[in-house]
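Participant: Before anything else, here's the structure in question.
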Amino acid sequence: MEVGRDQPRGIRRWAPALTLLGTASVWASGFTQSDEAPVPDDAIHAGVPSASDTVDFNRDVRPILVARCFVCHGPDESTRKRGLRLDLRDGAIAPAKPGRDPAIVPGDAERSLLIERITDHLDPMPPSGEPLTAAEIETLRRWVDDGAEYAGHWSWEPVGDPSPPSIAPERQRLIRTDIDRFILSGLESVGLEPAKDATPDRQVRRLSYDLVGLPPDPTIVAAFEADPSEAHWERLVEMYLASPGFGERWGRHWLDLVRYAETCGHEFDYPIREAWRYRDWVIRAFNDDLPYDRFIREQIAGDLLEPRINPTDGTNESVVGTGFWYFHQAVHAPTDVTQDQSDRIANQLEVLGQGFLGLTVACARCHDHKFDAISTRDYYALSGYVQSMHQGYAYQDPGGVIRAAVARLAEDRSAPNEPDHVEPAMLASYLNAVEDAQELEFASSIAIEQGLDPKLLARWIAVLQEDAWQTPEHPWHPWVVLGFQQGISSEDVRTPILAKFDREIDESATVLESFDRSTPDLRWYPTGWAWNGHGAEPASPTESGTLTSDSLESRLQGTLRSETFTLDQRFLHWRVRGTGEGARIRLVVEGMMMDEFNALLFAGYRQDVATEDRWRHVVMDTRLQPGCRAHLELIDDGPGRLEVDAIWMSDHAGRVPSIIDRPEWIDPARDGDRDQFTLEFALATSAKTNRQVNGIALREPLIAAGLWGTDLVAADAARDRRIHATETRREIADPLPNPRRVLAANEGSGVDQPIYVRGGHRAPGEIATRSFIDSIANDQPSPPADGSGRIQLADAILDASNPLTARVMANRVWHHLFGRGLVTTTDDFGGLGTMPSHPALLDHLATQFQTEWSIKNLIRSIVMSSVYRRSSMATPETAARLLAVDPQNELLAIAPIRRLQAEAIRDALLAVSGRLDDQVGGPPVATHLTPFMTGRGRPGGSGPMDGGGRRSLYLEVRRNFPDPMLTAFDQPPPSTTVGNRNVSNVPAQSLVLLNDPLVHELAGIWAARILDDSSLVDDRSRADQMWRAAFTVEPSEEDLDDIVAFVTAGDDQRERWADVGHALFNTKAFIYLD
Amino acid sequence: MNTDPQTSHHCGRFIAGPTSRRQMLRQVAGGFGLAAFSALLHEDSVAAASPYRIARDGMLPEPHHAPKANSVIFLYMDGGPGQMDTFDPKPVLTDHHGQPFPMKKEVTQFDSNGNCLGTPWKFSPGGTCGTPVSDLFPHVREMADELLVVRSMTSPFNEHTNANYFLHTGLGLAGRPSMGAWATYGLGSENRNLPGFVVLDGGLTPPGGLQCFGNSFLPATNQGSVLRPAEEVLANVKPRDDVDRQRRKLTLVEALDRRNRTASNDQIESAIRNQELAFRMQFSVPEATSIDGESESTRRMYGLDAEYEQTKIFGRECLLARRLVERGVRFIECTCPQVGADRWDQHGKLKEGHENNARAVDQPIGALLKDLKQRGLLETTLVIWGAEFGRTPFSQGADGRDHNQYGFSMWLAGGGIAGGRTYGATDEYGYKAVDQPVEIHDLHATMLHLLGIDHERLTKRFGGRDMRLTDVHGKVMHDWIA
């Protein structure tokens, strides 16, 4: 391969790939006009075109076309001018319309309109912005003369497995791994000699900060200096890779990609609950070297996968990853809730696209992507996946305690425990007798007369006189008043009781769910244990035609979500009852979850059901969100119970649908037919369903009161059995712990989105069936209707044919180890991104990475190389040439000098001063508030100034109250994917190190520790110790002289040593890696 | 190291015409290396790669066109004053007070909408132009000839934070650079010892918090520095050591730095320069924010002797804004003081609330305009007054107004604006902009234009796009410009 000397970019010629993306037709989805302003022409320059002899389409030509032509002549049909598209060769060489000249005549620049128009002095293309430079014109001219060959965009091409370049035997000493061959070949092509190895101390410092984000222990440095062998280096690498600090360092890199935050921002900065569990999950994943494919899969669809079990507590690890979706911002009172959701989804897809694929998917929200093969249809097809799941919590069961209890409860329930059957006729006899007797004194004789047990009848009479049975709420109240008290013959008594059962029937009602069929009307998705006990399927409706959260046990917790439906009537109705204590119903409109904190505009959509277990008709006024998509949640998050009878929509607030009609047993009462009324009551009570339409469990009060049986013995036995069964269940259930809640995705029904024309939901277009980006994946399976299809989405992202996933991550790892990726635009591998400096090396890394998806292996392979271990000082012979041919050091002749990242700086301050608390994981440390941190949502109290000594990634991430020190050193705001942080260099950073009280405090702590260390016998040894702790490298005699002189010039030794500590913190070497 | 506070800051202002970067370098480079100064103003040190990137990724080599304004003062009226109560008189609304509101009402924040609510305040013409201003703003009314009152502002959001992020950053979500950040990113600061983008904290942080002033993906030097009216004005600017002790320490640092520059690296060089600068900022910031040298009459004019404590607070902000403009600060935002119930966000008790808020800001704003004018600074200082949205002409509850994004008023003065005029109109009830509606993007485009920046050409590549303050929107309102 020839690379010209004037081409200092180390770029190997990309294997020519003439296959164009065969997907052009889907880009042109028939959108018409757009008045949107084009991207300004001068804004886009993907690189300086090379003047080498060979023109490479991707390297030289595409950047010009992208920057200057595609806005009007690219993939986006809606803004295409004159029907000409230059992103496809067919479009460029054929006349845009019959009779016109083609833009390009391959092999003949002079006859090509393209060249003519860009060189037209009077009216040059592009019509706005700077004209093309002479070099750009020359490049295009040469490309056309050479035949105007196109190539697919490099990142869309399959990942190759290039063999490492061979290196002359005498230069083998420069090679440690295959990576070095690629790098060295690039250097040789421009005649650069790589620098020597860095000194052993610098190598260890670099490795320690890169792998665990902390300064190395001086004893480790000393040991390596004494024995800088390859084997020793390997041991160091393994030691750092095995350290828990590894996951903390690399986990934080990942958190940048997923805009990790613990609050929602906006007006009140409401919390994102349980966010930190995802942070710890990320740390564990890196420490366990969870294969990257599984890591991605769990974030997209961990709730749907065969669980990966946490070895420590037996919980489902996989589901925790799905928190990834929900670190977006959130607003509590959007007047346009559909727009609000579509903004949230745009952010979710932005993070998915940029984070996993290096693609700016969200650009296609309003128009086909200007530069990449991503259509609006692709965007809305992806959007459907997000529509089809819901933010929520997963319930976890550390130690499997709940699971074991559920098994015992299920076993217990399956044991025969139903009371003996009592014939309705027999029950009716007692009811009649008790009416006849009325008073205890007559019980005996009437019982004997009718062949009943006198003692049982006496109990009947006593019980019915108890206050509780007289209250209107008691299920037996109608019978107590009308039967026992014989009120049935009085119109005045009858009327108010019967009125309670008369309802106005709403003919307009649409019943969503009545629970009176063997299968429910809506599709329901359970989490936790309350609604299903043990299986994945929700419990079927009970025989009684309701759904209860305590079919096994009321202490079990869980949530049931409905499929998505459309609010096309004005009111949503529920018939529910419950005991409070976590029993709750909720209407979620367009995924709007903030009513948990503030229910403006969503008032009443989330209600506690504390009806003291009486039925209640709940009406939710949905008139503010007509036509919106919604789903329902039945929540039992406490020891209480929740029961739902029916759910319907209607245009009326007060009426009920015909399914909720009068109980049959009440009808005879209307006519005053006492015998028939009693018989119906008896029939209803002893019927196997044990329930009337109104859901009143008539039998239960009888059993509890010892009235269920043909005689007293049988009734006592029935009561005792029930009490015993209850006791057994309590023994199992009472010790149950609350489950652990984890922020997670919950599955919902499959929703396919309409395309929102130009991004506006008020202009819905055709439906975009859920699928992955068409130009990357072919032959995708149809998405399921009963679920989101996220497993298929993850499959497509991880498919071997998708060239992006592995390349993007391999590049990220390189970026973190060198401060710059092989592709510098780490989050954009599309048309506006940069070309890789070493394409073959990138593919080599990606290919290796894909074999086992091991991030540790990838890191291992890089840090074992010579290029990683290089000095930052060029050899004197090379220094001048380096400046001339590779001033940006893209070819890595020397190691780049890097500033430590924000977290590493603060962590180093803690570590060096001895204040570091090395506890891994756990809830965040409350934000320390300074007087400058003001505004709504400010926490009531401040956290400790030193964050309890915890590493920086454990400091609470409040969107509206970011840590000032970390912000000053470029920790990005958590709004979108940031794979490549700013590295700014501003006075505010100096002010932090100079005047921040924490820095002063830590300097003092450090000084005290040094002075108290009896092993340090004199000032010189103290100075030496501090120096090595701060900078790793050995101090010079002069440095020690300066420090000792500084200290001895003062009286107060403690103050002077604190000042030394503070000075060392402010010395530039402290925050730079060389 | 120059440690003399008397000579280490710049009191002079470079008013004369557009200042090119090269000129500026020549003027202020004394004592510093060129590289260091360029790093200070444009310190995205990793980025500066190709000739293209320098133009894109930092301060413009020179403005896109001759600027009319050098600085911007944004008077942020937190919460949203009612347009019909301030600068957009609506006699029809007043006539229909208490009667049913005749137009279709859009969904509001509280969904508690009542009848027509006429304004409790009288309007009178101000200045020679006669632009009507309500009695809430008698001092501002006196300066009516300087004001361009825009009565047809619109916003896509009617929730505070969405609207506020949108007003400050051009996007309804947190995480984009603030307009002040864009201005300093494009033009840098004219004073190396002061931040280019300053927020004067009156006590009320805008809804959405400090993210309204963030730099986001722009270099950190462009973020808004919040100056508080307190002993410590700017975070970490107050030395925690006495000067001698600090200087002793820094001398040691300097010696160690000098010896331990293993490789000559631009980043490390500029970090060293920044430390020197930080040292000087400890003196320049307090100097700029001290009003000890201001005359008694100036203080009185700004209301620093007012009975109402909140007038004093905002008066001090406005006076400081003038001092910062004099010292070359590029963008200054003044936030409102706390007046009790709630900023301008009068969902109830309109009369009491608006009166308190106006009482706090009216006299200081009038004074600011007058003071800038008499010092010849108004010509080159763009003053913008306004909020994230306005208020409904129908009542909320008994005596409040809900948020209204469909039509509201802002005004601009100085900095090339043709004053003494109104622009655009709402309907006769003051509900929706019906004539010449203006978007916030247009305001941003015009603001940048006056600063000499083409809003379509000030971009920063981030996340695969060339980001702009105006996204893909915005048009320069040439009609507004003198």
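Participant: When only alpha-carbon atoms count, how far does the range A:141-284 stretch along each of its three principal axes, as whole angstroms with the largest first?
Facilitator: 61, 55, 23 Å, listed from the longest principal axis down.
Participant: One-quarter of the Cα convex hull surface for chain A, in nm²?
Facilitator: 54.0 nm²
Participant: Which values of log₁₀ I(q)/I(0), to two decimal places, follow from the Debye formula for the range B:330-482 at q = 0.17, 0.18, 0.19 Å⁻¹ with a uniform point scatterer at every Cα?
Facilitator: Summing over Cα pairs of the range B:330-482 leads to -1.17, -1.25, -1.30.
Participant: For the range A:116-141, list residues with backbone N below 16 Å from a point placed 7 Å from the Cα of A:D101 toward its Cβ?
Facilitator: A:116-125, A:141
Participant: Relative to the longest principal axis of the C-alpha atoms of chain A, give the angle of the C-alpha long axis of helix A:440-450, reported between 0 and 90° and rounded to the nearest 10°.
Facilitator: Tilt of helix A:440-450: around 80 degrees.
Participant: Now, a different point. If I model a spin label at A:D288 and A:L683 as a point 7 Å from the Cα along the Cα→Cβ vector, what separation in nanometres do I get?
Facilitator: Simple spin-label model gives 6.0 nm for this pair.
Participant: Still on this structure, please answer the following. Okay, which of the range A:937-975 sit inside 20 Å, backbone N to the point 7 Å along the Cα-Cβ direction of A:Q919?
Facilitator: Once the point is set 7 Å along Cα→Cβ of A:Q919, A:941-958 turn out to lie under 20 Å by backbone N, inside the range A:937-975.
Participant: Further, regarding this structure: Can you give the angle from 0 to 90° between the axis of helix A:230-242 and the longest principal axis of chain A, with both taken from C-alpha atoms, to the nearest 10?
Facilitator: That helix lies at roughly 30 degrees to the long axis.
Participant: Taking the alpha-carbon set of chain B, what are its Rg and Dmax in Å?
Facilitator: 23.0, 81
Participant: OK, next. Multiply the residue separation of A:A717 and A:E1037 by 0.36 nm, subtract the distance between their alpha-carbon atoms, and state the gained length in nm to one decimal.
Facilitator: Fully extending the segment from A:A717 to A:E1037 adds 105.7 nm.
Participant: Shape call for the range A:796-919 from the C-alpha gyration tensor, a ≥ b ≥ c root eigenvalues: rounded (a/c under 1.5), prolate (a/b greater than b/c) or oblate?
Facilitator: It comes out oblate by the Cα gyration axes.
Participant: Binning at 10 Å from 0, report for the range B:347-422 what percent of all alpha-carbon pair distances ends up in each bin.
Facilitator: Binned Cα distances yield the sequence 17, 38, 29, 15, 2.
Participant: Report, as an integer, the average count of C-beta atoms from other chains found within 10 Å of each Cβ along A:268-276.
Facilitator: Across A:268-276, the average partner-chain Cβ count within 10 Å equals 1.
Participant: Continuing with this model, one more query. Leaving ligands, DNA and RNA out of it, rank A:R623, A:R344, A:R721, A:R202 by accessible area with a 1.4 Å probe, largest first.
Facilitator: Final ranking, largest accessible area leading: A:R623, A:R721, A:R202, A:R344.
Participant: Where the centre of each part is set by its Cα atoms, how far does the range A:202-222 sit from the range A:917-938, in angstrom?
Facilitator: 28 Å
Participant: Also, quick follow-up: Which FRET efficiency value, to the nearest 0.05, do you get for A:H724 and A:S518 by plugging their Cβ-Cβ distance into 1/(1 + (r/R0)^6) with R0 = 35 Å?
Facilitator: 0.65
Participant: Dipole magnitude of the protein assembly as shown about its Cα centre, charges +1 at Lys/Arg Cβ and -1 at Asp/Glu Cβ only, in debye to the nearest 20?
Facilitator: 3980 debye
Participant: If you bin the C-alpha pair distances of the range A:372-491 every 10 Å from 0, what whole percents do you get?
Facilitator: The calculated distribution, bin by bin, is 10, 22, 16, 12, 13, 12, 7, 5, 2, 0.
Participant: Using just the alpha carbons, could you tell me how many Å³ per residue the convex hull of the range A:603-753 encloses?
Facilitator: Spread over its residues, the Cα hull of the range A:603-753 gives 193 Å³ apiece.
Participant: Quick check: with the 1.4 Å probe, what order do A:L891, A:L174 take by accessible area, largest first?
Facilitator: Sorted descending by solvent-accessible area, the residues read A:L174, A:L891.
Participant: Cα gyration tensor of the range A:411-479, axes a ≥ b ≥ c as square roots of the eigenvalues: rounded (a/c below 1.5), prolate (a/b > b/c) or oblate?
Facilitator: It is oblate, given that a/c is not under 1.5 and a/b is not larger than b/c.
Participant: Contact order normalised by length for chain A, with contacts defined as Cα pairs under 8 Å and 6 or more residues apart; what percent is it?
Facilitator: The normalised contact order for chain A reaches 17 percent.
Participant: Same structure, new question: Per residue, how many Å² of accessible area does the protein assembly as shown show with a 1.4 Å probe?
Facilitator: 35 Å²
Participant: Am I reading the A/B interface right? What is its buried accessible area, both sides, 1.4 Å probe, to the nearest 100 Å²?
Facilitator: About 7500 Å² of accessible surface is lost on pairing.
Participant: If you don't mind, there's one more thing I want to ask. How big is D for the range B:110-180, in µm² s⁻¹ as a whole number, if Stokes-Einstein is applied with the Kirkwood radius of its Cα pairs at 25 °C and 0.890 mPa s?
Facilitator: Stokes-Einstein gives a translational diffusion coefficient of 162 µm²/s.
Participant: Report, as an integer, the average count of C-beta atoms from other chains found within 10 Å of each Cβ along B:463-474.
Facilitator: Counting other chains' Cβ atoms within 10 Å and averaging over B:463-474 gives 6.
Participant: For the full complex of protein chains and a 1.4 angstrom probe, list A:D917, B:D85, B:D201, B:D292 by accessible area with the highest value first.
Facilitator: Final ranking, largest accessible area leading: B:D292, A:D917, B:D201, B:D85.
Participant: What's the ranking of A:565-576, A:728-739 by average number of surrounding C-beta atoms within 10 Å, highest first?
Facilitator: So the peptides A:565-576, A:728-739, ranked by packing, come out A:565-576, A:728-739.
Participant: Once you have a ≥ b ≥ c as the square roots of the Cα gyration tensor eigenvalues for the range A:1034-1074, tell me rounded if a/c is under 1.5, and otherwise prolate or oblate according to whether a/b is larger than b/c.
Facilitator: oblate
Participant: How tilted is helix A:200-212 with respect to the longest principal axis of chain A? Cα atoms for both, answer in degrees (0 to 90, nearest 10).
Facilitator: For A:200-212 against chain A, the angle is about 30 degrees.
Participant: Let me ask you something else. Could you work out, for the range A:884-959, what percent of all Cα-Cα pairs fall into each 5 Å distance bin, beginning at 0 Å and stopping at the bin that holds the largest distance?
Facilitator: Going from the shortest bin to the longest, the percentages are 3, 13, 18, 17, 12, 10, 7, 7, 7, 4, 1, 0.
Participant: Can you give the percent of C-alpha pairs in the range B:60-193 whose distance is more than 20 Å?
Facilitator: Value for the range B:60-193: 63 percent of Cα pairs lie more than 20 Å apart.
Participant: Would you be so kind as to identify which of B:G126, A:Q354, A:L882 lies farthest towards the positive end of the dipole of the protein assembly as shown, taking Lys and Arg as +1 and Asp and Glu as -1 on Cβ and the Cα centre as origin?
Facilitator: It is A:L882.
Participant: Please state, to two decimals, what the Cα-based radius of gyration of the range B:239-321 comes to when divided by 2.2 N^0.38 Å (N = residues).
Facilitator: Taking the Cα Rg and dividing by 2.2 N^0.38 Å, one obtains 1.70.
Participant: Whenever you get a sec, compute what percent of the accessible area on the protein assembly as shown sits on carbon and sulfur atoms (1.4 Å probe).
Facilitator: Answer for the protein assembly as shown is 50 percent, counting heavy atoms of protein chains only.
Participant: Also, quick follow-up: Could you pull the accessible area for A:E234 with a 1.4 Å probe, rounded to 10 Å²?
Facilitator: Accessible area, nearest 10 Å²: 90 Å².
Participant: What's the extension gain from B:E428 to B:T298 if we count 0.36 nm per residue and subtract their Cα-Cα distance?
Facilitator: Roughly 42.7 nm would be gained on extension.
Participant: From the residues A:Y278, A:T977, A:A198, which one has its Cα farthest along the dipole of chain A in the positive direction, the dipole being from +1 and -1 charges on Cβ of Lys/Arg and Asp/Glu about the Cα centre?
Facilitator: Result: A:A198, furthest along the dipole toward the positive end.
Participant: Less than 14 Å apart at the alpha-carbon level, and either on another chain or at least 8 residues along: which aspartates and glutamates does that give for A:K81?
Facilitator: A:D35, A:E36
Participant: Provide the gained length on full extension for the span A:E130 to A:T875, in nm with one decimal, where the gain is 0.36 nm per separating residue minus the Cα-Cα distance.
Facilitator: Full-extension gain reported as 264.1 nm.
Participant: Is there a pair in B:K68/B:K460; B:K105/B:K349; B:K90/B:K373; B:K122/B:K351 whose C-alpha atoms are over 19 Å apart, and which pairs would that be?
Facilitator: From the list (B:K68/B:K460; B:K105/B:K349; B:K90/B:K373; B:K122/B:K351), the Cα-Cα distance tops 19 Å for B:K68/B:K460; B:K105/B:K349; B:K90/B:K373.
The values are calculated or read from the model by the stated rules, or taken from the named source; none is laboratory data. Remember, predicted model here, so these are calculated numbers, not experimental data. Cβ atoms come from the backbone with ideal geometry, glycine included; neighbour counts cover every protein chain shown. Accessible surface areas use protein heavy atoms only, side chains included; no ligands, DNA or RNA. Shrake-Rupley method; radii C 1.70, N 1.55, O 1.52, S 1.80 Å.
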